[in-house]
1. Can you give me the accessible area per residue for the chain, using a 1.4 Å probe, in Å²?
2. Please list 3J(HN,Hα) in residue order for region 83-89, calculated via the Karplus relation 6.51 cos²θ - 1.76 cosθ + 1.60 where θ = phi - 60°; whole Hz, with x for glycine and proline.
3. Between MET86 and VAL66, what is the spin-label point distance in nm, taking each point 7 Å from the Cα along the Cα→C-beta axis?
4. Given LEU64, THR97, THR83, which one lies farthest toward the positive end of the charge dipole of the chain, if we put +1 on the Cβ of every Lys and Arg and -1 on the Cβ of every Asp and Glu?
5. Quick one: 3J(HN,Hα) in Hz for region 6-11, Karplus 6.51/-1.76/1.60 with θ = phi - 60°, rounded, Gly and Pro as x.
6. For the chain, give the magnitude of the charge dipole about the Cα centre (Cβ charges: +1 Lys/Arg, -1 Asp/Glu; no others), in debye to the nearest 20.
7. Nearest 500 deg cm²/dmol is fine: what mean residue ellipticity at 222 nm does the chain get from its DSSP H runs of n ≥ 4 alone, each adding -39,500 (n - 2.57), divided by its residue count?
8. Hey, any idea what % of the chain's accessible area is carbon plus sulfur with a 1.4 Å probe?
Amino acid sequence: MSAHLLTELTVFILALFVGIEVISKVPTTLHTPLMSATNAIHGIVLVGAILVAGLPNPPLHPILGVILVVMASLNVFGGYTVTERMLEMFKPKAAPTPTDGKRG
């Protein structure tokens, strides 16, 4: 195992512990908006997928890059969709209009 890989694994494991600690402090009612926002932040994965797709080693990198771009796009747009649905839940609902003909 190279030193570079060991460093990356250490950073990944430390980030995992920090993420668990941060998420455990968030109230339960905010989990869904937080997760949808973090999905949207995963746009960096989309940038990485585009970079992989642009590598000049055919034929695997362009194919893998396109697959990664599609999957990252689904993640980003899914995050925005969930966020939009959550925000719709917090908007005030319109008062029902009287339908029996009596208006005051």
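1. Per residue, the chain has an accessible area of 83 Å².
2. For region 83-89, the Karplus curve yields 4, 4, 5, 5, 5, 4, 5 Hz.
3. It works out to 3.4 nm between the two label points.
4. Looking along the dipole axis, the top candidate is THR97.
5. For region 6-11, the Karplus curve yields 5, 5, 5, 5, 5, 5 Hz.
6. 520 debye
7. -24500 deg cm²/dmol
8. 75 percent
The values are calculated or read from the model by the stated rules, or taken from the named source; none is laboratory data. Treat the numbers as computed from the prediction; the structure is a model and nothing was measured. In this analysis, Cβ positions are derived from the backbone assuming ideal geometry, glycine residues included, and neighbour counts consider all displayed protein chains. Ligands, DNA and RNA are excluded from the accessible area calculation, which covers all protein heavy atoms including side chains. Shrake-Rupley method; radii C 1.70, N 1.55, O 1.52, S 1.80 Å.
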